[in-house]
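The values are calculated or read from the model by the stated rules, or taken from the named source; none is laboratory data. Just so it is clear, the structure is predicted and the values come from calculations on it, not from any experiment. Because the Cβ atoms are built from the backbone with ideal geometry, glycine has one as well, and the counts that use them run over all protein chains shown.
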Amino acid sequence: MNLPPRNAGLQALAPWLVIVTFLFSMVWLLIWPDPFSFGLDEGFNLMKAFLMPRGERLFVDIWSDQPPVFAWLLRGMFAIFGASVTMGRLTTLLCAGLLLLAAHDLLRQSTDHFGALLAILCVVLLAPGFLLWSGAVLIGLPAIAFALASVACLVRWHDSGAVVWLLASAVLLAVSACTKFFTLILVPCVLPGLLILPLPGAQHRWRAVLAWCAGFGVILLLVLGLTDALFHPEQLFGNHWEAKSVPVYAHLSHTAWLAGQPRCWLLYGLALSALRPRLWRTRPLVFYCGTWMVAALLTLHFHRPFWSHHALLPAIPAAPLAAVTLWGWSQRWLKDAHRARLMLAVLLVSLVVIPMAVAKTARQFAGQHWKWEMLELLRARTTRNTTMITDDPIIAFRAGVPVDPHLAVFSNKRRISGLLDESMVEKRLRLSRPDFVLFGSHTLQGLPGLTAILTRHYRPLHRAGRLHLHERIPIP
């Protein structure tokens, strides 16, 4: 837009105001009130990072079915700022901030500040679950954040020809894949772009492909090798592979989930409008985000089981594409003066709507009083040497009690897939002799032999909601 200097300054500031509003809203409305839990997976991730400084090695001692980067990131944050649920959630929020910066950079390079503002709003308000996953200690959003930052670096390389952006893209995508493997679908999206899209200056096409592949492969193998993940494929892949054939998960599909998500239909409709052949062949942003979105949608269509955080995988690349469509419409239909007024109106509305949307998300997770009740009881009865086994490790984490590392991920998926049964729990009870055992009703029902096993050496201590706490019987 050709605007007076004062309006031009406001235009440049608008996207940053929205990002700051989002971050402060998340801290004060979602993280600061400290909802007890956003799901069982939060506890698994927190406990892994909690156990690592105690000498337990990921994959060697700590069973884990996810790549290692997020656990190491949490461990580093805990070492600097102390181990807490709030610090874990702030770590994820920092990744959400990185994602918004990448979306801003993508549209700022390709359009203008209004396009960048629209991209941020499409992510925050249209991407399903973005507000929730931005404040939860889960690995999906950080992995996608690193992936979108990788695409932003790649687009910068196409514009400038600076090799540092090409290598940064490779490194960031490798880090993303080592956070959660589902972003590996970007590799077959990147390579055709390097072979097809116009290259900057006098770049050699195959040299660029080889440089990117070398950077990606070296970092991927280095991270997986140094963290022992490379030597335990049965943990990384076995659980997910077995879950594909479990009948109870057969109905959990992305296609069925999409049927009840009108915001997603709006987002994907706007994104598809940007995939015009001319833009697809000439605009790196459209090519990389478009192929990513299509590849993710196809992958999720066939993938079982589908979990709600998977929906971000195609939705995040769809958001910049939707912004390209909206920005193009404003260019075509409005004069500069009208676009400036529209941008100001969008900014003012978003500064009100974003805190309201965050507050609505926070209200969904208020309460959970039975978990707070169980936590207070544990805190009153534990000492520095207390240990426990539980299927809800965020309670143990909040109490500062380590769990058996082999059962740090006591997930329903691991149990239903047949990789965790009564005999394994009995073995760990015999070897580690935990002071407390805390299970939910779903675990006791899913592993019916557990109750008989517990009665031999443990006595019921307390029940709160669906949680059953058992205390080890002292040896006379």
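Looking at this structure, is ALA408 in contact with a Phe, Trp or Tyr (Cβ under 8 Å, 6 or more places away or on another chain), at negative phi and of a type in the set (Gly, Ala, Ser)?
yes
Considering each of LEU172, LEU107, LEU99, LEU117 in turn, give the residue that is crowded, with 24+ Cβ neighbours inside 10 Å and free of Cβ contacts under 8 Å to residues at least 40 places away in the same chain.
LEU172
Which residue is farthest from SER160 (Cα to Cα), if the candidates are limited to the range 191-244 and must be among the charged types (D, E, K, R) and touching a residue at least 40 places away in the same chain (Cβ under 8 Å)? Give the steps one after another, and end with the answer.
First pass over the range 191-244, keeping only residues among the charged types (D, E, K, R): 205, 207, 228, 234, 242, 244.
Checking which are touching a residue at least 40 places away in the same chain (Cβ under 8 Å) leaves us with 228, 242, 244.
Details: ASP228: 38, GLU242: 46, LYS244: 44 Å.
Once the filter is applied, the top-ranked residue is GLU242.
Which of (1) in contact with a His (Cβ under 8 Å, 6 or more places away or on another chain); (2) modelled with pLDDT of 95 or more; (3) not aromatic (Phe, Trp, Tyr) does GLY129 not meet, given it meets every other one?
(2)
Scan the range 269-279 residue by residue and report those that are assigned to a helix (DSSP H, G or I) and either hydrophobic (A, V, I, L, M, F, W, C) or surrounded by 12 or more Cβ atoms within 10 Å (Cβ to Cβ) (or both).
Within the range 269-279, GLY269, LEU270, ALA271, LEU272, SER273, LEU279 qualify.
Pick out the one residue from GLY217, GLY225, GLY193, GLY238 that is of a type in the set (Gly, Ala, Ser) and within 30 Å of ARG278 (Cα to Cα). Full working, then the answer.
Working: GLY217 fails: within 30 Å of ARG278 (Cα to Cα); GLY225 fails: within 30 Å of ARG278 (Cα to Cα); GLY238 fails: within 30 Å of ARG278 (Cα to Cα).
From the options GLY217, GLY225, GLY193, GLY238, the qualifying one is GLY193.
Which one of these is modelled with pLDDT under 90 and within 20 Å of the chain's Cα centre (by Cα): ARG278, ARG304, ARG339?
ARG304
Identify, please: which residue in the range 113-139 is closer than 22 Å to LEU29 by Cα and of a type in the set (Phe, Trp, Tyr) and is, among those, farthest from the chain's Cα centre (by Cα)?
Among those residues, the one meeting the criterion is PHE130.
Any chance you could count how many residues in the range 35-89 are part of a helix (DSSP H, G or I), surrounded by 20 or more Cβ atoms within 10 Å (Cβ to Cβ) and in contact (Cβ under 8 Å) with a residue 40 or more places away in the chain? Talk me through it step by step, then tell me what you get.
Let us first name the residues in the range 35-89 that are part of a helix (DSSP H, G or I), namely 40-54, 69-81, 85-89.
Filter once more, keeping what is surrounded by 20 or more Cβ atoms within 10 Å (Cβ to Cβ): 41-52, 69-71, 73-74, 85, 88-89.
In the following step, the residues that additionally are in contact (Cβ under 8 Å) with a residue 40 or more places away in the chain were identified as 41-48, 50-51, 69-70, 73-74, 85, 88-89.
Result for the range 35-89: 17.
With the condition kept exactly as written, say whether any residue in the range 159-178 is under 19 Å from LEU236 (Cα atoms), under 11 Å from the mean Cα position of the chain (by Cα) and not aromatic (Phe, Trp, Tyr).
Yes, some residue in the range 159-178 is under 19 Å from LEU236 (Cα atoms), under 11 Å from the mean Cα position of the chain (by Cα) and not aromatic (Phe, Trp, Tyr).
I need the helices (runs of 4 or more DSSP H) fully contained in the range 280-372, keeping only those with at least 2 residues that are touching a His at 6+ places or on another chain (Cβ under 8 Å) and either hydrophobic (A, V, I, L, M, F, W, C) or surrounded by 15 or more Cβ atoms within 10 Å (Cβ to Cβ) (or both).
The helices (runs of 4 or more DSSP H) meeting that bar are 284-302.
Residue pairs, Cβ under 8 Å, 6 or more apart or interchain, first in the range 156-168 and among the basic types (Lys, Arg), second in a helix (DSSP H, G or I). List them.
ARG156/ASP105; ARG156/GLN109; ARG156/TRP165
Please find, within the range 109-126, the residue that is farthest from PHE182 (Cα to Cα) out of those that are modelled with pLDDT of 95 or more and β-branched (Val, Ile, Thr).
ILE120
Tally the residues that are assigned to a helix (DSSP H, G or I) and modelled with pLDDT under 95, restricting the search to the range 380-398.
Going residue by residue through the range 380-398, those that are assigned to a helix (DSSP H, G or I) are 380-381, 393-398.
Of the ones still in play, those that are also modelled with pLDDT under 95 are 380-381.
Here the count works out to 2.
So how many residues does the range 267-285 have that are touching a residue at least 60 places away in the same chain (Cβ under 8 Å) and within 22 Å of ALA145 (Cα to Cα)?
Here the count works out to 5.
Which condition does ASP392 not pass, out of (1) farther than 23 Å from ASN239 by Cα; (2) under 25 Å from the mean Cα position of the chain (by Cα), if it passes all the others?
Here ASP392 clears every test but (1).
Could you pull out the residue among MET424, MET374 that is touching a residue at least 24 places away in the same chain (Cβ under 8 Å) and in contact with a Leu (Cβ under 9 Å, 6 or more places away or on another chain)?
Going through MET424, MET374 in turn, the sole match is MET374.
So is ARG384 buried (at least 19 other Cβ atoms within 10 Å of the Cβ), over 20 Å from PHE439 (Cα atoms) and out of contact with any strand residue (DSSP E or B) (no Cβ under 6 Å at 6 or more places or on another chain) or not?
Values: buried (at least 19 other Cβ atoms within 10 Å of the Cβ): no; over 20 Å from PHE439 (Cα atoms): yes; out of contact with any strand residue (DSSP E or B) (no Cβ under 6 Å at 6 or more places or on another chain): yes.
No: the conditions fail for ARG384.
Modelled with pLDDT of 95 or more and of a type in the set (Val, Ile, Thr): does that describe ILE31? Spell out how you get there, then give the answer.
Details: modelled with pLDDT of 95 or more: no; of a type in the set (Val, Ile, Thr): yes.
Answer is no for this residue.
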